[in-house]
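Nothing in this text is a laboratory measurement; each read-out follows from the coordinates by a stated rule. Just so it is clear, the model here is predicted, and its values are computed rather than measured.
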Amino acid sequence: MWNWHMIKRVHENRFLFGGVICGTILCLLCMYVPGLNTAVLKMKGISWEWGIVLITLLVFLILSELYKFAKRKLYKPMSVATEAQGRLQRIWTENTLASSTGGLSK
């Protein structure tokens, strides 16, 4: 799951960040430079097609959020089935913490 901390760290991978920026600039140049897009690449800039892109984006976002909402409501997290399993989990956690602290107890 993403969070705002990941957005702040976007510049850590310089090559990925530079590649995305360069790719975006190249796509925009190829589509919207008058002589390059029509004479060399034989294409036009898009106009009303942006509406299709935005509508499909909104439909996707709404459906994915509805799916996540339904998943949270219908499928509750699994809890410990028995008291014996809970006791074993506590013992394992305590032993793991004790071994990671060099045998020191809480």
* Cα gyration tensor of the stretch 1-97, axes a ≥ b ≥ c as square roots of the eigenvalues: rounded (a/c below 1.5), prolate (a/b > b/c) or oblate? -> oblate
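What's the extension gain from L26 to L63 if we count 0.36 nm per residue and subtract their Cα-Cα distance? Each step should come with its number before you reach the end.
Working: separation 37, 0.36 × 37 = 13.32 nm, distance 3.16 nm.
Computed gain between L26 and L63 is 10.2 nm.
Does the stretch 1-53 classify as rounded, prolate or oblate by the C-alpha gyration tensor (a ≥ b ≥ c root eigenvalues; a/c under 1.5 gives rounded; else a/b over b/c gives prolate, otherwise oblate)? Please list the in-between numbers first.
Numbers: a/c = 5.04, a/b = 1.91, b/c = 2.64.
Here the stretch 1-53 falls in the oblate category.
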* To do: Figure the gain on full extension for N13 and T38 (residue separation times 0.36 nm, minus the Cα-Cα span) and round it to one decimal in nm.
  => 5.5 nm
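So between L88 and W50, what do we pick up on full extension, going 0.36 nm a residue minus the alpha carbon distance? Walk me through the numbers on the way to the answer.
Details: separation 38, 0.36 × 38 = 13.68 nm, distance 5.71 nm.
The L88-W50 span can extend by a further 8.0 nm.
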